[in-house]
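> Submitted below is the structure of interest, expressed as C-alpha coordinates.
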Amino acid sequence: MEKVSSRIDLVLRVCVPSLTALLAVLLSIIPFGFPHSGAITPSFLLVVTFYWGLYKPEYFPLLIACAIALFQDVLNGEYMGYNVLQVVLVYATVFQQKRFLIGKPFAFIWFSFSIMMVFIGVIVTLLNVSFFSNQVEFQSVIFKMMFTIMIYPLIGWLLSKCHKTILKDDEVE
(Lines give C-alpha, C1' and ligand atoms only; values in the text may rest on other atoms or scores of the structure.)
Protein backbone atom coordinates (compact mmCIF):
# COMPACT_ATOMS: atom_id res chain seq x y z
CA MET A 1 0.00 0.00 0.00
CA GLU A 2 2.88 2.33 0.73
CA LYS A 3 4.25 1.81 -2.79
CA VAL A 4 0.94 2.89 -4.30
CA SER A 5 0.86 5.96 -2.07
CA SER A 6 4.42 6.92 -3.00
CA ARG A 7 3.65 6.44 -6.71
CA ILE A 8 0.57 8.65 -6.48
CA ASP A 9 2.68 11.22 -4.64
CA LEU A 10 5.31 11.10 -7.39
CA VAL A 11 2.69 11.44 -10.15
CA LEU A 12 1.19 14.45 -8.36
CA ARG A 13 4.60 16.07 -8.01
CA VAL A 14 5.36 15.66 -11.67
CA CYS A 15 1.90 16.73 -12.88
CA VAL A 16 1.18 19.74 -10.66
CA PRO A 17 3.19 22.30 -12.68
CA SER A 18 1.69 21.10 -15.97
CA LEU A 19 -1.82 21.07 -14.52
CA THR A 20 -1.43 24.62 -13.21
CA ALA A 21 -0.19 25.67 -16.67
CA LEU A 22 -3.24 24.06 -18.29
CA LEU A 23 -5.47 25.87 -15.80
CA ALA A 24 -3.70 29.10 -16.75
CA VAL A 25 -4.49 28.43 -20.41
CA LEU A 26 -8.15 27.83 -19.58
CA LEU A 27 -8.21 31.10 -17.62
CA SER A 28 -6.88 32.84 -20.72
CA ILE A 29 -10.21 32.26 -22.43
CA ILE A 30 -11.91 34.66 -20.01
CA PRO A 31 -11.74 38.23 -21.30
CA PHE A 32 -11.55 40.98 -18.71
CA GLY A 33 -13.15 44.24 -19.81
CA PHE A 34 -11.69 47.62 -18.99
CA PRO A 35 -13.16 50.97 -19.96
CA HIS A 36 -11.85 52.21 -23.32
CA SER A 37 -9.62 49.17 -23.79
CA GLY A 38 -11.82 46.30 -24.89
CA ALA A 39 -11.28 42.78 -23.63
CA ILE A 40 -7.84 42.18 -22.17
CA THR A 41 -6.60 38.90 -20.73
CA PRO A 42 -3.36 38.73 -18.78
CA SER A 43 -0.70 36.21 -19.75
CA PHE A 44 -1.43 33.69 -17.01
CA LEU A 45 0.74 31.10 -18.76
CA LEU A 46 3.78 33.39 -18.67
CA VAL A 47 3.36 33.84 -14.91
CA VAL A 48 3.12 30.07 -14.42
CA THR A 49 6.09 29.46 -16.73
CA PHE A 50 8.17 32.02 -14.86
CA TYR A 51 7.32 30.49 -11.47
CA TRP A 52 7.85 26.81 -12.34
CA GLY A 53 10.81 27.59 -14.60
CA LEU A 54 12.47 29.31 -11.67
CA TYR A 55 11.59 26.98 -8.79
CA LYS A 56 10.90 23.55 -10.32
CA PRO A 57 12.11 23.32 -13.93
CA GLU A 58 12.64 19.57 -13.53
CA TYR A 59 8.86 19.17 -13.14
CA PHE A 60 8.04 21.67 -15.89
CA PRO A 61 10.45 21.11 -18.78
CA LEU A 62 10.55 23.47 -21.74
CA LEU A 63 9.03 20.89 -24.09
CA ILE A 64 5.90 20.58 -21.93
CA ALA A 65 5.71 24.37 -21.54
CA CYS A 66 5.88 24.74 -25.34
CA ALA A 67 3.21 22.08 -25.91
CA ILE A 68 0.87 23.85 -23.49
CA ALA A 69 1.62 27.21 -25.16
CA LEU A 70 0.81 25.68 -28.54
CA PHE A 71 -2.47 24.42 -27.08
CA GLN A 72 -3.17 28.01 -26.00
CA ASP A 73 -2.45 29.23 -29.54
CA VAL A 74 -5.02 26.78 -30.89
CA LEU A 75 -7.55 27.53 -28.17
CA ASN A 76 -7.33 31.30 -28.54
CA GLY A 77 -7.08 31.26 -32.35
CA GLU A 78 -3.72 33.03 -32.34
CA TYR A 79 -0.87 32.57 -34.79
CA MET A 80 0.77 29.19 -34.27
CA GLY A 81 3.85 29.77 -32.19
CA TYR A 82 2.77 33.15 -30.80
CA ASN A 83 2.55 31.95 -27.20
CA VAL A 84 5.31 29.39 -27.75
CA LEU A 85 7.73 32.20 -28.56
CA GLN A 86 6.77 34.06 -25.40
CA VAL A 87 7.10 30.93 -23.24
CA VAL A 88 10.52 30.17 -24.74
CA LEU A 89 11.67 33.75 -24.04
CA VAL A 90 10.47 33.53 -20.41
CA TYR A 91 11.92 30.07 -19.86
CA ALA A 92 15.29 30.95 -21.44
CA THR A 93 15.57 34.16 -19.44
CA VAL A 94 14.69 32.41 -16.18
CA PHE A 95 17.15 29.63 -17.01
CA GLN A 96 19.92 32.17 -17.61
CA GLN A 97 19.14 34.21 -14.50
CA LYS A 98 18.13 31.43 -12.07
CA ARG A 99 21.29 31.64 -9.95
CA PHE A 100 20.83 35.38 -9.69
CA LEU A 101 17.11 35.20 -8.82
CA ILE A 102 16.95 32.31 -6.35
CA GLY A 103 16.89 33.47 -2.76
CA LYS A 104 16.05 37.07 -3.58
CA PRO A 105 13.13 38.86 -1.88
CA PHE A 106 9.73 38.71 -3.52
CA ALA A 107 9.83 42.38 -4.54
CA PHE A 108 13.01 41.76 -6.51
CA ILE A 109 11.52 38.68 -8.21
CA TRP A 110 8.41 40.67 -9.11
CA PHE A 111 10.53 43.54 -10.45
CA SER A 112 12.53 41.06 -12.55
CA PHE A 113 9.31 39.57 -13.90
CA SER A 114 8.05 43.07 -14.72
CA ILE A 115 11.16 43.92 -16.72
CA MET A 116 10.87 40.60 -18.55
CA MET A 117 7.22 41.30 -19.42
CA VAL A 118 8.11 44.71 -20.89
CA PHE A 119 10.93 43.13 -22.88
CA ILE A 120 8.63 40.38 -24.21
CA GLY A 121 5.89 42.89 -24.99
CA VAL A 122 8.29 44.95 -27.10
CA ILE A 123 9.67 41.91 -28.94
CA VAL A 124 6.25 40.44 -29.69
CA THR A 125 4.93 43.80 -30.84
CA LEU A 126 7.91 44.35 -33.16
CA LEU A 127 7.56 40.85 -34.59
CA ASN A 128 3.84 41.33 -35.05
CA VAL A 129 4.38 44.54 -36.97
CA SER A 130 7.34 43.18 -38.97
CA PHE A 131 6.04 39.79 -40.04
CA PHE A 132 2.31 40.21 -40.14
CA SER A 133 2.05 43.89 -41.04
CA ASN A 134 -0.64 44.17 -38.43
CA GLN A 135 -1.56 47.42 -36.91
CA VAL A 136 -0.88 46.94 -33.26
CA GLU A 137 -3.07 48.56 -30.68
CA PHE A 138 -0.34 49.73 -28.34
CA GLN A 139 -2.88 50.52 -25.64
CA SER A 140 -3.94 46.84 -25.60
CA VAL A 141 -0.34 45.65 -25.44
CA ILE A 142 0.40 48.02 -22.56
CA PHE A 143 -2.77 47.02 -20.67
CA LYS A 144 -1.97 43.32 -21.16
CA MET A 145 1.58 43.78 -19.86
CA MET A 146 0.39 45.87 -16.91
CA PHE A 147 -2.40 43.43 -16.09
CA THR A 148 0.03 40.49 -16.21
CA ILE A 149 2.48 42.32 -13.97
CA MET A 150 -0.31 43.23 -11.54
CA ILE A 151 -1.60 39.65 -11.21
CA TYR A 152 1.88 38.19 -10.63
CA PRO A 153 1.73 38.53 -6.83
CA LEU A 154 -1.61 36.71 -6.59
CA ILE A 155 -0.74 33.93 -9.04
CA GLY A 156 2.75 33.62 -7.58
CA TRP A 157 1.31 33.32 -4.08
CA LEU A 158 -1.18 30.64 -5.22
CA LEU A 159 1.58 28.70 -6.98
CA SER A 160 3.76 29.04 -3.91
CA LYS A 161 0.99 27.59 -1.72
CA CYS A 162 0.50 24.77 -4.20
CA HIS A 163 4.25 24.20 -4.29
CA LYS A 164 4.51 24.06 -0.50
CA THR A 165 1.59 21.67 -0.01
CA ILE A 166 1.76 19.30 -2.96
CA LEU A 167 5.53 19.32 -3.32
CA LYS A 168 6.12 19.48 0.44
CA ASP A 169 9.01 17.01 0.54
CA ASP A 170 10.95 18.95 -2.06
CA GLU A 171 12.97 22.00 -1.14
CA VAL A 172 10.73 25.05 -1.52
CA GLU A 173 12.60 28.30 -2.13
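The values are calculated or read from the model by the stated rules, or taken from the named source; none is laboratory data. Please read these numbers as outputs of a predicted model, since none were measured by experiment. Don't worry about glycine lacking a Cβ; one is built from the backbone with ideal geometry, like all the others, and counts go over all protein chains shown.
> Hey, any hits in the stretch 92-100 for a residue that's surrounded by 13 or more Cβ atoms within 10 Å (Cβ to Cβ), touching a residue at least 12 places away in the same chain (Cβ under 8 Å) and more than 15 Å from the chain's Cα centre (by Cα)?
Yes, the stretch 92-100 contains a residue that is surrounded by 13 or more Cβ atoms within 10 Å (Cβ to Cβ), touching a residue at least 12 places away in the same chain (Cβ under 8 Å) and more than 15 Å from the chain's Cα centre (by Cα).
> Do we find a residue being exposed (fewer than 15 other Cβ atoms within 10 Å of the Cβ), farther than 22 Å from Val25 by Cβ, at pLDDT below 95 and of a type outside the set (Asp, Glu) anywhere in the stretch 68-89?
The answer is no, given that none of the residues of the stretch 68-89 is exposed (fewer than 15 other Cβ atoms within 10 Å of the Cβ), farther than 22 Å from Val25 by Cβ, at pLDDT below 95 and of a type outside the set (Asp, Glu).
> Out of Ser140, Ser160, I need the residue that is at pLDDT below 90 and among the hydroxyl-bearing types (Ser, Thr, Tyr). Which one?
One residue alone meets the criteria, Ser140.
> If you don't mind, there's one more thing I want to ask. I need every pair where a residue in the stretch 38-59 that is of a type in the set (Phe, Trp, Tyr) has its Cβ under 7 Å from the Cβ of a residue that is part of a loop (DSSP other than H, G, I, E, B), sequence separation at least 6 or different chains.
Phe44/Ser28; Trp52/Tyr59; Trp52/Phe60; Tyr55/Glu173
> Tell me, please, whether a residue that is more than 19 Å from Ser140 (Cα to Cα), surrounded by 14 or more Cβ atoms within 10 Å (Cβ to Cβ) and among the small types (Gly, Ala, Ser) can be found in the stretch 50-65.
Yes, because at least one residue in the stretch 50-65 is more than 19 Å from Ser140 (Cα to Cα), surrounded by 14 or more Cβ atoms within 10 Å (Cβ to Cβ) and among the small types (Gly, Ala, Ser).
> Within the set of pairs 6+ apart or on separate chains, which have a first residue in the stretch 148-159 that is farther than 11 Å from Phe44 by Cα, a second that is among the hydroxyl-bearing types (Ser, Thr, Tyr) and in a helix (DSSP H, G or I), and C-beta atoms under 9 Å apart?
Within 9 Å, the pairs are Leu158/Thr20; Leu159/Thr20; Leu159/Tyr51; Leu159/Tyr55.
> Further question: Tell me whether the stretch 142-151 contains one or more residues that are under 17 Å from the mean Cα position of the chain (by Cα), under 16 Å from Glu78 (Cβ atoms) and part of a helix (DSSP H, G or I).
Checking the stretch 142-151: at least one residue is under 17 Å from the mean Cα position of the chain (by Cα), under 16 Å from Glu78 (Cβ atoms) and part of a helix (DSSP H, G or I).
> Given (1) under 26 Å from Glu137 (Cα atoms); (2) among the aromatic types (Phe, Trp, Tyr); (3) in contact (Cβ under 8 Å) with a residue 12 or more places away in the chain, where does Phe111 come up short, assuming only one miss?
Failing condition for Phe111: (3).
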